[in-house]
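Everything on this sheet refers to the single structure shown next.
Just so it is clear, none of the values below were taken in a lab; they were calculated from the coordinates. All figures in this text were calculated on a predicted structure; none of them were measured in a lab. Here the Cβ positions follow ideal geometry from the backbone for every residue, glycine too, while neighbour counts run over all protein chains shown.
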Amino acid sequence: MRNVIAASLVLCALGVASTSASNPVIVVEEPLLISVLEEAGTVKLAFFTPDRTIPNRLLPTKVRMLEILREDRRQQVWAIIVPSASSGIPGSGAWEVVYGQPPAGFRQYRPPAGVPAPPLEPGVTYRIGAAAGPIGTTTFTYKGQ
């Protein structure tokens with residue numbers, strides 16, 4: 001399942017839609033911006049897209065898929081998703097996510113559901129990938145404080 005999600009993210013990132021093999025249509029999407037806030041060892045994530053009507057304004061955006069990888073090992077440590085049956089429901093997704101705590105309506109698939117997310121390690125850099133229609137990635141180094 002991870003490969004299917006990763007492939008979907010790559011195609012969305014490229015913004016390629018095809019009407020035929022010889023005439024690809026390039027779709028430009030606004031990026032998904034990810035805010036990372038670490039407080040007392042807790043990592044909180046929030047998601048935004050640029051407002052198309054007002055320059056330099058960001059709009060809160062609900063994310064439907066999130067994965068966190070340990071950058072040095074390219075190892076996925078935590079991943080959650082809104083199940084496909086509910087992903088088309090208006091309002092599904094989350095404005096904010098706290099590491100290790102799947103929001104209501106999400107399914108954790110790494111580690112398997114019911115297994116706690118591994119603790120983040122101080123000094124280690126992690127990559128976050130998220131999708132909400134548009135996709136975004138960022139990195140952060142966990143301080144553990």
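Structural remarks
- Region 92-115 residues near the modelled residue 124 label - backbone nitrogen below 13 Å, point 7 Å along Cα→Cβ: 111
- Stretch gain in nm, segment residue 115-residue 37, where the contour uses 0.36 nm per residue and the Cα spacing is subtracted: 25.7 nm
- ³J(HN,Hα), Karplus 6.51/-1.76/1.60, whole Hz, each residue of region 99-113, x for Gly, Pro: 3, x, 10, x, x, 3, x, 9, 10, 7, 10, 9, x, x, 3
- Environment charge at residue 141 (Cβ cut-off 12 Å; Lys +1, Arg +1, Asp -1, Glu -1): -1
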